[in-house]
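Just so it is clear, none of the values below were taken in a lab; they were calculated from the coordinates. The structure displayed is predicted, hence computed values, not measured ones. Neighbour counts are summed over all protein chains in view; Cβ atoms, including those assigned to glycine, are modelled from backbone coordinates with ideal geometry.
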Amino acid sequence: DVKVTQSSRYLVKRTGEKVFLECVQDMDHENMFWYRQDPGLGLRLIYFSYDVKMKEKGDIPEGYSVSREKKERFSLILESASTNQTSMYLCASTKIGGHQPQHFGDGTRLSIL
Amino acid sequence: GDSVTQMEGPVTLSEEAFLTINCTYTATGYPSLFWYVQYPGEGLQLLLKATKADDKGSNKGFEATYRKETTSFHLEKGSVQVSDSAVYFCALRTQGGSEKLVFGKGTKLTVNP
């Protein structure tokens, strides 16, 4: 069965810290995505990656960076966390081509104090 | 740019009531259309999809028909259950090129016994 695993369900960090959110998929998918989900705003794409070491900015990349050193792992990095980055973060992956749906992890609820 | 508009929530129904959640889209060409569901505390799961005009996606008693002439993909279920309480997201993937999804803002459904 398809599995996208996010390393933490809940995370609390302090303003100014460097924060790493990890995501691993076991389906050999080429594409991986990071979204944030906020009430009333739905899902907004932060970054996505279509191959190892490849990345593209989404709609709201400011304050974030990503890393994809291996095909199965996609990391989201908050360089210097701020309170307005408190949110639910969702990782997803999909196979390239066709009408493939995205498969999501369970999310990480991040609080920045 | 491409966009998805969903009816505003929240929606509250009694068990066995009929459900409609409206979704309209703006996109060039022939996008693929999806409905995702998010149960409390979980990530998004694909509920159903349609890839061309007049296609009907169906799953777990839910249905949605891809209407090119009205650019709509309304979600329906004839008799809802308490277990259907969740947030529902309409999404599109543009034809060709990027694997990105564009999401609506989500509609929260609560079904009371």
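Data overview
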read-out: Under Karplus coefficients 6.51, -1.76 and 1.60, residue-wise ³J(HN,Hα) of region B:4-9 in Hz, glycine/proline x; value: 10, 10, 10, 5, 6, x
read-out: Translational D in µm²/s for the protein assembly as shown (Stokes-Einstein at 25 °C, 0.890 mPa s, Kirkwood Rh from C-alpha pairs); value: 136 µm²/s
read-out: Over chain A, relative contact order from alpha-carbon pairs under 8 Å, at least 6 apart, %; value: 36 percent
read-out: Cα centroid separation - region B:62-113 against region A:73-93, whole Å; value: 26 Å
read-out: Residue mean of other protein chain beta carbons inside 10 Å, A:43-50; value: 3
read-out: Net lengthening on full extension, B:GLN45/B:SER58 (0.36 nm per residue, minus Cα-Cα); value: 3.3 nm
read-out: Percent breakdown of C-alpha pair distances by 5 Å bin, ordered from the shortest bin, for region B:11-113; value: 3, 13, 25, 24, 18, 10, 5, 2, 0, 0
read-out: Built amide H within the under 5 Å cut-off of A:ASN31, gap 5+; value: A:THR94, A:ILE96
read-out: Unit charges at the beta carbon, dipole of the protein assembly as shown: most positive-side option, A:SER65, B:LEU48, A:GLY107; value: A:SER65
read-out: Assigned charges on the beta-carbon of Lys, Arg, Asp, Glu; region B:27-113 dipole about Cα centre (debye); value: 140 debye
read-out: Fluctuation leader among B:LEU101, B:LEU48, B:LEU33 - chain B, Gaussian network, Cα springs under 10 angstrom; value: B:LEU101
read-out: Largest to smallest principal axis extent of the C-alpha atoms in chain A, angstrom; value: 41, 28, 24
read-out: For region A:7-16, 3J(HN,Hα) per residue [Karplus equation, 6.51 cos²θ - 1.76 cosθ + 1.60, θ = phi - 60°, Hz, x = Gly/Pro]; value: 5, 9, 7, 9, 8, 10, 9, 9, 3, x
read-out: Set of lysines near B:LYS108 by C-alpha distance (under 17 Å), chain-local residues within fewer than 8 positions excluded; value: B:LYS77
read-out: Total charge dipole magnitude, chain A, about the Cα centre, Cβ charges on Lys, Arg, Asp, Glu only, Debye to nearest 20; value: 220 debye
read-out: Top of A:THR94, A:THR15, A:THR86 by mean-square fluctuation, Gaussian network on chain A, Cα under 10 Å; value: A:THR15
